[in-house]
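Inspection log for the structure reproduced underneath, given as structure tokens.
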Amino acid sequence: MKVTLLTHTPTPEKIVAAAARCCYSNDDPDKLLDEMTDEKAARFLQKLNDLGHQSPLEHVSFTFSISGVSRALLAQITRHRLASFSVRSQRYCGFEKSDFIKPPSIAKSEVNDIFDDSLSQSKSNYDELIDAGIAKEDARMVLPNASVTSMVLTMNARELLHFFSLRCCTRAQWEIRQLANEMVKLVKQAAPNIFQKAGAACDQLGYCPEGKFSCGKAPALDKILEVYNRNNSR
Ligand SMILES: Cc1cc2nc3c(=O)[nH]c(=O)nc-3n(C[C@H](O)[C@H](O)[C@H](O)COP(=O)(O)OP(=O)(O)OC[C@H]3O[C@@H](n4cnc5c(N)ncnc54)[C@H](O)[C@@H]3O)c2cc1C
């Protein structure tokens with residue numbers, strides 16, 4: 001898997017802070033942006049975070065290059081409807097022998113050969129269909145979820161935080177979790193105040209919303225309330 005941050009809205013933290021300031025100021029937004037310093041932006045972003053005022057985060061977006069991931073990951077990430085995607089086409093692009101993702105659980109297991117045999121068979125069936133004159137758009141039907149793909153992905157900062165809350169969680173599948181964790185590292189460098197708490201839901205909320213599926217890393221909200229009520233009932 002290779003993930004890079006291709007580009008993002010310039011001065012994202014100042015833009016978000018100026019947009020939020022606009023809600024409470026008689027000054028024009030461009031003046032608010034001109035007067036915005038890094039220190040003021042950091043203070044404002046902290047305030048927004050405390051208030052849970054998230055809509056100003058929609059004014060800044062981040063664009064990633066993602067390659068060496070599976071079509072299984074593609075099926076999951078494209079469920080995030082507020083993101084924009086450009087994905088390598090299986091109708092126009094050919095398929096190489098090495099173009100498969102192998103899950104670590106299989107690579108280190110005794111049944112690794114089953115996986116390798118299955119993928120070789122798929123690949124040779126694909127090649128035979130292509131050699132017989134079948135179009136790529138039809139021949140690809142014999143390719144598995146492990147087939148590799150690449151994409152350009154753009155999300156605004158609010159959607160990124162939402163995506164991280166779901167996909168950095170231990171409940172998420174390993175490959176998309178690995179991707180989300182790589183993206184967290186990149187956006188934290190670009191906008192540390194916006195993404196201060198970026199990560200799984202428990203990192204952002206301070207409690208786990210997963211109920212009986214919780215990994216136990218963070219307490220559930222009802223446990224926090226129980227302790228709070230106990231401490232305040234005297
Ligand atoms: C651990 C895990 C397991 C999963 N298992 C399955 C599964 O078994 N089967 C399956 O089908 N999916 C599964 N999913 C996918 C999941 O159901 C969501 O489709 C996916 O996570 C996208 O989430 P979202 O809709 O919140 O996000 P986005 O599409 O990124 O939307 C962000 C937010 O915008 C709002 N929004 C967006 N569109 C609308 C709309 N049309 N109407 C109202 N509000 C909207 C919602 O508040 C939403 O949370 C799984 C996801 C996870 C993390």
Among the lysines, which have Cα under 29 Å from the Cα of LYS123 when same-chain residues fewer than 8 positions away are ignored?
LYS2, LYS97, LYS102, LYS108, LYS136
Among the GluC sites (Glu not before Pro) in region 27-108, which ones are in a DSSP loop with at most 15 other Cβ atoms within 10 Å of the Cβ? Mind listing them?
GLU35, GLU96
Give the relative contact order (percent, whole number) for the chain; include only Cα pairs under 8 Å separated by 6+ residues.
23 percent
Can you give me the Cα centroid spacing of region 9-45 and region 174-189 in angstrom?
27 Å
Can you find, among ALA139, PRO29, THR154, the residue farthest towards the positive end of the dipole of region 14-154? Put +1 on the C-beta of Lys and Arg, -1 on that of Asp and Glu.
PRO29
What spacing in nm lies between the two simple spin-label points modelled at GLU226 and SER55, each 7 Å away from Cα in the Cβ direction?
3.8 nm
Counting other C-beta atoms within 10 Å, which of TYR24, TYR126 has the fewest, and how do the rest follow?
TYR24, TYR126
Under a straight-distance cross-link criterion of Cα-Cα below 17 Å, which lysines are reachable from LYS47, leaving out those fewer than 8 residues away in the same chain?
LYS14, LYS197
Please compute the modelled spin-label separation between THR37 and GLU96, points set 7 Å along Cα→Cβ, answer in nm with one decimal.
5.1 nm
Please list, in order, the residues from region 138-172 whose amide nitrogen is less than 18 Å from a point placed 7 Å along the Cα→Cβ vector of PHE213.
162-172
For LYS136 and GLU110, what does the FRET efficiency come to when R0 = 41 Å and r is the distance between their Cβ atoms, rounded to the nearest 0.05?
0.70
Straight distance only, please: which aspartates and glutamates reach the Cα of LYS223 with their own Cα at less than 15 Å, same-chain residues fewer than 8 apart left out?
GLU210
So if each residue of separation counts as 0.36 nm, and I subtract the Cα-Cα distance between SER67 and SER150, what length gain in nm does that give?
29.5 nm
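Only the coordinates and a few stated rules stand behind these numbers; no lab work does. Remember, it's a predicted structure, so these values are computed and weren't measured experimentally. Note that we place each Cβ from the backbone using ideal geometry, even for glycine, and neighbour counts take in every protein chain shown.
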